[in-house]
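The values are calculated or read from the model by the stated rules, or taken from the named source; none is laboratory data. Note that the coordinates shown come from a computational prediction; the quantities given were computed from them, not determined experimentally. As a convention, Cβ positions derive from the backbone with ideal geometry for all residues, glycine included, and neighbour counts pool all protein chains shown.
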Amino acid sequence: MRTFIYCLFSYLTLLNHAHAILNIDIVGGKEEGGHPIAIVPFNLQPGTQTHQDLARIISNDLYRSGRFSPMPRHILPAHPSQSNQIRFKHWKTAAMPHLVIGRISGGVVGGYTVEFELFDVFGSKRIIGLRYTATPQTLRQVAHQISDEIYYALTMERGVFNTLIVYVTLQRQGKRTQYHLYVADADGANSRLMLRSNEPILSPSWSPDRRHIAYVTYAHIKRNKRMAVYMQEIRTGKRTLVSAKRGLNAAPAWSPDGKRLALTLSKDGNPEIYIMTLHNHSLTRLTHHHAIDTEPEWAPDGKSIVFTSDRSGQPHIYRMPVKGGKARRLTSNGIYNARPRLSPDGRKLALLHNSGQGYRIAVLDLENGHLKILTKTTLDESPSFAPNGSMIIYATGSELAAVSIDGRVRQRLSVDLSEEVREPAWSPFYR
């Protein structure tokens, strides 16, 4: 069994493979039980050209949520692009309660105009209809915005399709290994390289306003190489050194107000949780225990922090008030519980769990104590909630994967076989 020290640095060894830009494909999951919806390919008006299939992007978005079951394109009974072309009886016969149609015009001079409409088939009425302007570079973003509108109209919950993910890749070049930090759309498209390094890049964490990412890599301080925490601005790429104290500098986590970081430091000899005020880098020590305390995660209300500790003899997850006090143990099942991530509403806890059958992603209901295993693989790590709490992205084997919070839909987010991708983190919503 892996020791807890190995857990703390497991990503250092697990990153020791290969590299590439993420290329996400839907390759698994269940459609049964999802809400049926038909998404007709968007009509290209005369003279309009684009390589983007907006209807396909929207269909994939909704399917990945686990809440919808889009009608396969090859069995669509018709292909209307205007409301007056819809024959609702065709869709009623197909038992399809909702229908999406759309149109794209322009694209030569002045960009595109994109229109879509969502219909209630059995009520024979339109639910919403919106128009967007786009450039060739923002057409995918418009598709994600449409997905969000559809998701909200039919679930009354906010969609996460127009959000971002950050992840780490690596590339072996002879005896050298190069690491890369990428930011991409939530479906893996439009990846942007944020950092290239010959040193490992670990634990990326989003600021609440999505403007910065904190992460761990190595810094050269007075000719000595040290583990360090950096903060990087997404728009400009500007990097700021946050902490490079002697020993461990690890696991940064932003406070909900974006003014503080929780992190793990061993400057006093033992790995402990500290809270840093960012404007002056002042530190407040939170934990005081001879065990290893690491992987802090803020509660959404900013009043407490959950973290991993082996103070019971095995790694388990604890909660402690930010102002200090007694740590309360949250997990009891299994031999290993680590990498805690709280849902946006603070009611559930995603974690890495092992009960003797491998390392799997699980969710703990903090109100009733029920633990649900979401995955069937055995080398999972790094869970991260979508900002609406509906999905979890995580790393497994040589890939990333996503699972709906009810465990009903599981998908691999595939990459080239020569590549390795790790450490995913889902962004907050735009503010």
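Overview of results
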{"read-out": "Filtered residue count, the range 259-308, keeping only those that are more than 22 Å from Leu352 (Cα to Cα), under 22 Å from the mean Cα position of the chain (by Cα) and of a type in the set (Gly, Ala, Ser)", "value": "1"}
{"read-out": "Per-region count, the range 186-225, residues at positive phi and not in a strand (DSSP E or B)", "value": "5"}
{"read-out": "Residue in the range 115-125 that is of a type in the set (Phe, Trp, Tyr), under 28 Å from the mean Cα position of the chain (by Cα) and closer than 25 Å to Gln49 by Cβ present", "value": "yes"}
{"read-out": "The range 331-362, residues that are of a type in the set (A, V, I, L, M) and surrounded by fewer than 19 Cβ atoms within 10 Å (Cβ to Cβ)", "value": "Ile335"}
{"read-out": "Residues (buried (at least 18 other Cβ atoms within 10 Å of the Cβ) and touching a strand residue (DSSP E or B) at 6+ places or on another chain (Cβ under 6 Å)) located in the range 150-176", "value": "Ile150, Leu164, Ile165, Val166, Tyr167, Val168, Thr169, Leu170"}
{"read-out": "Candidate set from the range 380-400 (those that are in a loop (DSSP other than H, G, I, E, B) and over 21 Å from Pro296 (Cα atoms)); member that is modelled with the lowest pLDDT", "value": "Ser398"}
{"read-out": "Conditions (1) free of Cβ contacts under 8 Å to residues at least 24 places away in the same chain; (2) part of a helix (DSSP H, G or I); (3) among the small types (Gly, Ala, Ser); number of the one not met by Ala228", "value": "(2)"}
{"read-out": "Residue list for the range 110-149, filter: crowded, with 18+ Cβ neighbours inside 10 Å and among the small types (Gly, Ala, Ser)", "value": "Ala134, Ala143, Ser147"}
{"read-out": "Count - residues of the range 231-272 that are of a type in the set (Val, Ile, Thr) and touching a residue at least 12 places away in the same chain (Cβ under 8 Å)", "value": "3"}
{"read-out": "Single condition Val183 does not satisfy, out of (1) farther than 14 Å from Val166 by Cβ; (2) in a strand (DSSP E or B); (3) within 16 Å of the chain's Cα centre (by Cα)", "value": "(1)"}
{"read-out": "From the options Ile361, Ile373, residue that is over 16 Å from the mean Cα position of the chain (by Cα) and assigned by TED's automatic domain parsing to the domain that holds Pro256", "value": "Ile373"}
{"read-out": "Those residues of the range 270-286 which are within 17 Å of Pro321 (Cα to Cα) and either in a loop (DSSP other than H, G, I, E, B) or not assigned by TED's automatic domain parsing to the domain that holds Ala214 (or both), in sequence order", "value": "Leu286"}
